[in-house]
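One structure is given below, encoded as structure tokens.
The values are calculated or read from the model by the stated rules, or taken from the named source; none is laboratory data. Remember, predicted model here, so these are calculated numbers, not experimental data. Cβ: placed from backbone, ideal geometry, glycine included. Neighbour counts: every protein chain shown.
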């Protein structure tokens with residue numbers, strides 16, 4: 001009975017309002033700092049703007065629909081469309097009100113489990129979604145770099161100290177990318193080859209004095225890996241192909257939202273470079289300490305995409321982007337949550 005209040009405690013009104021206030025405060029500051037009347041005078045809302053904003057909304061719907069398809073595949077279609085929709089919306093809701101460095105995976109396991117899926121299968125579903133998301137990123141980064149080049153990806157001079165080492169934007173990106181590669185490779189090896197051996201290694205590592213405080217959590221991760229392995233090792237190739245195809249469509253639609261928002265007001269030639277810079281933005285947003293990368297996302301948007309947007313419009317388009325791709329989950333989640341609790345509890 002302890003899991004229920006701990007999981008649902010995350011969805012407190014205080015967290016929601018804090019997230020909204022941070023986002024509005026940062027957006028207001030950016031708009032104030034970069035406001036340029038000339039930029040707005042030279043930009044008008046046309047029927048073309050309405051069309052491309054509508055297409056951006058379609059991309060968000062496509063993203064969520066692909067997520068729904070994926071979770072149905074991963075649960076062997078135990079979730080119907082209504083259950084899939086509510087689970088994905090609440091999953092996104094949890095991600096929107098937790099720091100990106102924390103994520104909403106623990107809540108996601110709880111959500112899937114309350115839909116009638118066993119704890120073991122729920123754990124496997126959530127770990128597999130993370131694995132597929134990271135695999136998409138690992139594959140797309142080198143492909144995009146081959147197409148657009150490496151030097152054009154880093155327009156922002158950003159510094160962060162990690163383990164006592166100060167890194168610039170390129171350094172942060174490379175560390176983040178290779179960490180994702182390492183983590184995905186470790187999960188792949190653990191799940192499909194040596195789950196028990198992986199747990200043993202994990203426990204030995206967390207015997208170290210400065211890591212010992214997290215040894216219990218490491219043991220739980222090891223148990224999750226073993227459960228996931230049991231659930232997934234015998235899945236056919238067709239299962240993985242369908243799940244990855246849904247992942248590809250969901251992430252591609254997510255990134256194209258930005259392209260269409262910019263296209264609504266500005267003629268753009270190099271859409272692939274905009275897409276490429278979003279790949280770098282994603283790593284920067286992953287290390288955000290704020291709920292749902294609020295504040296960090298708006299600043300990253302203005303910085304990474306400044307070459308395509310007049311200076312005075314960057315903050316406004318960043319806010320429009322978050323208005324389409326982020327804030328709806330706060331309100332949809334708040335509406336769905338009471339109904340979901342009534343149905344599942």
Problem set entry | Checklist (1) under 19 Å from the mean Cα position of the chain (by Cα); (2) more than 26 Å from residue 283 (Cβ to Cβ); (3) crowded, with 21+ Cβ neighbours inside 10 Å; (4) modelled with pLDDT under 95 applied to residue 84, failing item | (4)
Exercise. Residue 284 passes all but one of (1) under 15 Å from residue 53 (Cα atoms); (2) buried (at least 21 other Cβ atoms within 10 Å of the Cβ); (3) modelled with pLDDT under 90; which number fails?
Worked result: (1)
Problem set entry | Residues located in segment 190-200, provided they are in a helix (DSSP H, G or I) and surrounded by 14 or more Cβ atoms within 10 Å (Cβ to Cβ) | 190, 191, 195, 198, 199
For this session: Could you please let me know if residue 228 is surrounded by 21 or more Cβ atoms within 10 Å (Cβ to Cβ), within 21 Å of residue 183 (Cβ to Cβ) and either at pLDDT below 80 or in contact with a strand residue (DSSP E or B) (Cβ under 7 Å, 6 or more places away or on another chain) (or both)?
Result: yes
Seminar exercise, completed: The correct count of residues that are in contact (Cβ under 8 Å) with a residue 24 or more places away in the chain and within 20 Å of residue 62 (Cβ to Cβ) in segment 303-335 is 11
Exercise. So, of the residues in segment 133-179 that are outside any loop (DSSP other than H, G, I, E, B) and at pLDDT below 75, which turns out to be farthest from residue 277 (Cα to Cα)?
Worked result: 165
